[in-house]
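The values are calculated or read from the model by the stated rules, or taken from the named source; none is laboratory data. This is a predicted model, so every value here is computed, not measured. Glycine gets a Cβ as well: all are built from the backbone with ideal geometry, and neighbour counts include every protein chain shown. When the accessible area is computed, the model is the full protein with side chains, heavy atoms only, and any ligands, DNA or RNA have been set aside. Shrake-Rupley method; radii C 1.70, N 1.55, O 1.52, S 1.80 Å.
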Amino acid sequence: MISVSSARLTPDVLLRPATARDAAGLARSYRRSRDHLRRWEPDRDDAFFTTEGQAARLRGLLAERSAGQTMPWVLERRPDDGAGEPEVVGAITLTGIVLGPFRSANLGYWIDAGQLRRGLASAAVSAVCAAADAELGLHRVQAGTLVDNLASQRTLLKCGFTAFGTAENYLHINGAWRDHRLFQKILNDRRP
């Protein structure tokens, strides 16, 4: 099982490993962000946006985490007044973790529509890359963005990723196979 620590991204937002208890918070955040994310994500049925749908999704992610293949985190925000329960305001995941001589993973992330332009994506990507290096022992992290997702491309570049190509018809996003720009970040030059 993969184990990583949490990281404070801003005074009010914590990046922490996802748990089964995050289903309701993820469902609420996905519902708030549904229109914003539609353009950048695969088609989602209505069940995806429910607590039950997120619980099923989390069971799969956590099983993959136990197998050492995936590491999911959530971004958790405390209310401004400090009272009340924290809310999920995004997620970031390393998938396809491969060790051996490759020591690489794929990165995906999203930020709640109500939390954009706060630097959370950059802070989360940087923190996850640091954990991928220091805690997971990876050498490289890869990410892909739709060719017109300039905001995500800026985030990756700001976090030290470099573009290395374009993949035609890479993922089925928003109803069609879409081209993606591919980025990578070399984390270290250690031996595997």
Handout entry: Residue identified as over 25 Å from Arg38 (Cβ atoms) and in contact (Cβ under 8 Å) with a residue 60 or more places away in the chain among Ala123, Ala105, Ala113, Ala131
Key = Ala131
Exercise for the section: Kindly check whether there is at least one residue in segment 180-190 that is within 29 Å of Gly25 (Cα to Cα) and open to solvent by 40 Å² or more (accessible area, probe 1.4 Å). Expected result: no
Problem - Matching residues, segment 144-184, being among the small types (Gly, Ala, Ser), in contact with a helix residue (DSSP H, G or I) (Cβ under 8 Å, 6 or more places away or on another chain) and assigned to a loop (DSSP other than H, G, I, E, B) - result: Gly160
Fill in the blank from the handout: Checked pairs for segment 167-192, first touching a residue at least 40 places away in the same chain (Cβ under 8 Å) and over 29 Å from Ala134 (Cα atoms), second open to solvent by 80 Å² or more (accessible area, probe 1.4 Å) and outside any strand (DSSP E or B), C-beta under 9 Å and 6 or more apart or across chains, list as His172/Asp43; Ile173/Arg39; Ile173/Asp43; Asn174/Arg38; Asn174/Arg39; Asn174/Asp43; Gly175/Asp43
Practice task
Restricting attention to segment 171-192, report how many residues are more than 23 Å from His36 (Cβ to Cβ), among the charged types (D, E, K, R) and touching a strand residue (DSSP E or B) at 6+ places or on another chain (Cβ under 7 Å).
Solution key: 1
Practice task
Quick one: in segment 95-129, of everything that is hydroxyl-bearing (Ser, Thr, Tyr) and outside any strand (DSSP E or B), which residue is surrounded by the fewest Cβ atoms within 10 Å (Cβ to Cβ)?
Solution key: Ser122
Practice task
Quick one: in segment 130-177, of everything that is loosely packed, with under 13 Cβ neighbours inside 10 Å and among the polar types (S, T, N, Q), which residue is nearest to Tyr109 (Cα to Cα)?
Solution key: Thr162
Practice task
Filter segment 1-57 down to the residues that are in contact (Cβ under 8 Å) with a residue 40 or more places away in the chain, outside any loop (DSSP other than H, G, I, E, B) and of a type in the set (Val, Ile, Thr), then identify the one that is most open to solvent (accessible area, probe 1.4 Å).
Solution key: Thr10
Exercise for the section: Out of the residues in segment 58-87 that are assigned to a strand (DSSP E or B) and of a type in the set (Asp, Glu), state the one that is most open to solvent (accessible area, probe 1.4 Å). Expected result: Glu87
Problem - Scan of segment 10-65 for residues that are modelled with pLDDT under 95 and among the hydroxyl-bearing types (Ser, Thr, Tyr), ordered by number - result: Thr10
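Table: residues versus (1) at pLDDT 95 or above; (2) of a type in the set (Val, Ile, Thr); (3) on the phi > 0 side of the Ramachandran plot.
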position: Arg140; (1), (2), (3): yes, no, no
position: Ala143; (1), (2), (3): yes, no, no
position: Leu146; (1), (2), (3): yes, no, no
position: Asn149; (1), (2), (3): yes, no, no
position: Leu157; (1), (2), (3): yes, no, no
position: Gly160; (1), (2), (3): yes, no, yes
position: Asn169; (1), (2), (3): yes, no, yes
position: Ile173; (1), (2), (3): yes, yes, no
position: Trp177; (1), (2), (3): yes, no, no
